[in-house]
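Okay, so here's the structure we're looking at.
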Amino acid sequence: MTSTFHGLEVAKRALHTQQSALYTTGHNIANANTEGYTRQRVNFSQTGPFPPASRNRPEIPGQVGSGVEAGSIQRVRDSFVDKQYRQENTSVGYYQTRADMLQKMETILNEPTDVGLLKSMDMFWQSLQDLSVNPEHASTRAVVKERAIALADSFNYLHKTLQDVRANLRDEIGVGNTKVNSLIDQINSLNSQIGKIEPHGLVPNDLYDRRDTLIDELSTYMDIEVDYRASKGMPSPVAEGIATITLKTNSSNVNNLDANQDKVVLVNGEEGVVLGSADAVTHIFTDFDSDNNLRALLFAKPNEDQTKTTEQYVNELVSNIYDTSSETAFIYGDNFDVNGKLHALIEGAGYLGDGFAYDAADPLNSSGGTAQGDFNEMLRQLDDLVYNFVTEFNAVHQQGYTLEVDADGDGQTDRGGNFFDPAGVTADTIKLSADIEVNVDLIAASLSGASGDGENATNLSNVFTKRGEQFLTSATATIDQKTTIKSFYEAMIGEMGVRAQEAMRMEGNSNVLRQQVDEIRQSISSVSLDEEMTNLIKFQHAYNAAARNMTVIDEMLDRIINNMGLVGR
């Protein structure tokens, strides 16, 4: 038969285990509103029965249970749902950033309103119509000049503001770059801490929570893949292990990788790597050309040399990217398919695409390639619009006659010159001709030179509505033969509006999908105070019952020790 003290051990184990469950429940309640916290539970397991199988075991009818133990304290979490959440989080990061960026562009262009470029075009067109009726009135000519200056200023403002936002986007890439590297370092540090705890059989649930929160945040910036390996030593069966994080991208677009590695490993948790060290992480660096277009994303070890600035370190990386001994990997050209917030910022700020490749002989000065990206495309279209408009407007203006007489000595009114300055004209540089700015009589409103003739002013106003095939000059390829100056700009606005609307629609869809996955995750992992209060009562009753059991066993022992063998005394 078993020892009487066996009952004390069973009761003691029950007390300790229920106490652990009560403490864990209290921990859950305390962190009910802590962001990133995952509900924990105590896994109860039966202890081994008595007697165990042995030659000298006591002869009793069957085995007697020896109680319970807290086998482990485990987070209640679903790794598959985590993976789904991070995928949707990447999509939200991309479309949210893209929608915000395109909304900024819409705000700058501000169409259709009474202060946009279209309004400036209409007001300039109206002033030319008025000039065709009163071609010799100084006040009418002065209005044409002022409206032309206002139109040029509108183009200048759009170009400057778009460039300013583009520069801000480059700064955001830098901030995002720094944030990503910080997240990578923090995850690496947590890997190191977890790797020191797990081998002893402990389960650092709160460190897991901190690591998962950082991984979730990292997934906003780029598409990542997370794998885990078991720690050395004797880790608990529920220990989650060391995380390895890789960048999900097309391996054919990642250059200069080791033959045995087809992915960019951001946080390396594999065996043989010193966890927490610089060798366990890969930082991201950006390389821009002189026009602030991104040329490459560089993946390399952190810059630990305190004597080098980040810019110096990046230049060193770029100069060594073709060195076969270099560990630097890089993505360039059209292949910035890292997804997430970082991808959207790159698309907005601009990057070198078709035709660009690093020159192995002089990578720092590599050139070529088309500047691509949403803001670059809008700036390019504005430049095309301005070039075609100014070139055609000047050509029509040169067909007419001014109010100036006999400047060339022939006794006739003079032909018109350039209305706008044609030198290197872009949206940034368009301006009124210096001659017309000081003398409005040089505006060529007449087609014949006769008094009261304003036909050329009408022709000038028609430049806005002439199709490309009717131009006196050859339109660029961007102005279709059936397209007018005004309709070209309207098409630009329409296309941008469609892109912005699509981005906002996809942002909404992505947010809905992420929210659905998050609700599933919260239903599994979040703390329900109602459930925890129920658990408190359940474990409290079990604890009280175990204490009562202990008292009963104590009374039994007291009876045996103090009250037996007294007969006959």
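The values are calculated or read from the model by the stated rules, or taken from the named source; none is laboratory data. Please read these numbers as outputs of a predicted model, since none were measured by experiment. Cβ atoms come from the backbone with ideal geometry, glycine included; neighbour counts cover every protein chain shown.
Closer than 30 Å to Tyr228 by Cβ and assigned to a loop (DSSP other than H, G, I, E, B), is that true of Arg77? Considered against the rule, which asks whether it is closer than 30 Å to Tyr228 by Cβ and assigned to a loop (DSSP other than H, G, I, E, B), Arg77 comes out as yes. Applying the set (1) touching a strand residue (DSSP E or B) at 6+ places or on another chain (Cβ under 8 Å); (2) surrounded by 18 or more Cβ atoms within 10 Å (Cβ to Cβ) to Met492 leaves exactly one unmet item: (1). Scanning segment 133-149 for residues that are in a helix (DSSP H, G or I) and surrounded by 17 or more Cβ atoms within 10 Å (Cβ to Cβ) yields Thr140, Arg141, Val143, Val144, Lys145, Arg147, Ala148. Quick check on Met533: is it in contact with a Phe, Trp or Tyr (Cβ under 9 Å, 6 or more places away or on another chain) and of a type in the set (A, V, I, L, M, F, W, C)? The answer is no for Met533. Reported count of residues in segment 446-460, each being part of a helix (DSSP H, G or I) and either over 19 Å from Phe155 (Cβ atoms) or in contact with a Ser or Thr (Cβ under 7 Å, 6 or more places away or on another chain) (or both), is 5. Under the condition of being surrounded by 17 or more Cβ atoms within 10 Å (Cβ to Cβ) and either without any contact (Cβ under 8 Å) to a residue 40 or more places away in the chain or not in a loop (DSSP other than H, G, I, E, B) (or both), the residues counted in segment 519-530 number 2. Scanning segment 42-77 for residues that are touching a Phe, Trp or Tyr at 6+ places or on another chain (Cβ under 7 Å), modelled with pLDDT under 85 and aliphatic (A, V, I, L, M) yields one hit, Val64. The single residue among Ser192, Ser219 that is out of contact with any Leu (no Cβ under 7 Å at 6 or more places or on another chain), of a type in the set (Gly, Ala, Ser) and in a helix (DSSP H, G or I) turns out to be Ser219.
Summed over segment 428-445, the residues that are β-branched (Val, Ile, Thr), in a helix (DSSP H, G or I) and closer than 17 Å to Thr391 by Cα give a count of 1.
Residues of segment 32-47 include none that is in a helix (DSSP H, G or I), in contact (Cβ under 8 Å) with a residue 12 or more places away in the chain and under 39 Å from the mean Cα position of the chain (by Cα).
Entry remark, segment 410-445: residues being over 16 Å from Phe155 (Cβ atoms) and in contact with a helix residue (DSSP H, G or I) (Cβ under 6 Å, 6 or more places away or on another chain) number 9 in total.
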